[in-house]
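The values are calculated or read from the model by the stated rules, or taken from the named source; none is laboratory data. Being a predicted model, the structure only gives us computed values, none of them experimental. Cβ placement follows ideal geometry from the backbone for every residue including glycine, while neighbour counts extend to all protein chains displayed.
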Amino acid sequence: MPKRERTRAQLAGAAIQVFAARGVLGATVQEIADVAGVTTGTVYNHFKTKEEVQREVAVRLATTLCQRIVESQTGVKDGAERMAIGGRRYVWLAEVAPAWAMLMLDVAATVPELMAHVLQYVLADLRLGVRQKSFRIASEPVAMDLIGGAGMQAMRSVAMGLAPAGHGAAMSACVLRALGVPFDKAERIAHRPLPDFPVVVVEPTPKPAPKRRAARKVA
């Protein structure tokens, strides 16, 4: 990997730690530089603004997770089942790695590109289900809002410890029924065993950004 790409990846990793510790809005470029062990000038050599760092982090998180979900769906041809697997995997992330899930939700609120990236996969499964006549929808945009809204709120509820066990499957079943799948069939699909996931997501252990030293008073 070229040095510039390695440095960019190092900065993205530091940003993830700072965002997880401080929140996206509260993080600063100085804190990202401190955690990465570089100067702020190095950060600005790769990213013009903090917003560009947020976009980089968003794309890396979304791309990795979406790729793993797609890999886990290999061989699954039914649009409804693919929809259930995708929805349940995002809620599963909130179960096994709540800090990662909250970070993704935090970034998604400020970086529209994140949701756009994720939803392109959801849209493909939605259209597949429509072609297979599993889904009956009056409006594709409304259906996408329904799927995205339900999934994000389910992630948040689970990550915050507010949801009961099996919340992901229950959410997926409700979404399938809203898309036109009969009640009993939606329950069966949503509660099937999940396929193996290629990579186990590990809970991040972000370290707080170093505190800045107080300025010395001049007598």
key: Test: residue in the range 13-25 that is crowded, with 17+ Cβ neighbours inside 10 Å, touching a residue at least 40 places away in the same chain (Cβ under 8 Å), of a type in the set (V, I, T) and touching an Asp or Glu at 6+ places or on another chain (Cβ under 7 Å)   = yes
request  = Among residues belonging to the range 96-148 that are polar (S, T, N, Q) and in a helix (DSSP H, G or I), point out the one that is surrounded by the most Cβ atoms within 10 Å (Cβ to Cβ).
outcome  = T110
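Kindly state which helices (runs of 4 or more DSSP H) lie completely within the range 28-85 and contain at least 1 residues that are surrounded by 18 or more Cβ atoms within 10 Å (Cβ to Cβ) and small (G, A, S). Before you say what the answer is, go through the steps one by one.
Details: elements: 29-36, 40-46, 50-72.
Output list reads 29-36, 50-72.
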task = Return the pairs, sorted by first residue and then second, in which the second residue is surrounded by 18 or more Cβ atoms within 10 Å (Cβ to Cβ) and of a type outside the set (G, A, S), the first residue lies in the range 115-138 and is on the phi > 0 side of the Ramachandran plot and assigned by TED's automatic domain parsing to the domain that holds V181, the beta carbons are less than 8 Å apart, and the residues are 6+ apart or on different chains.
result = none
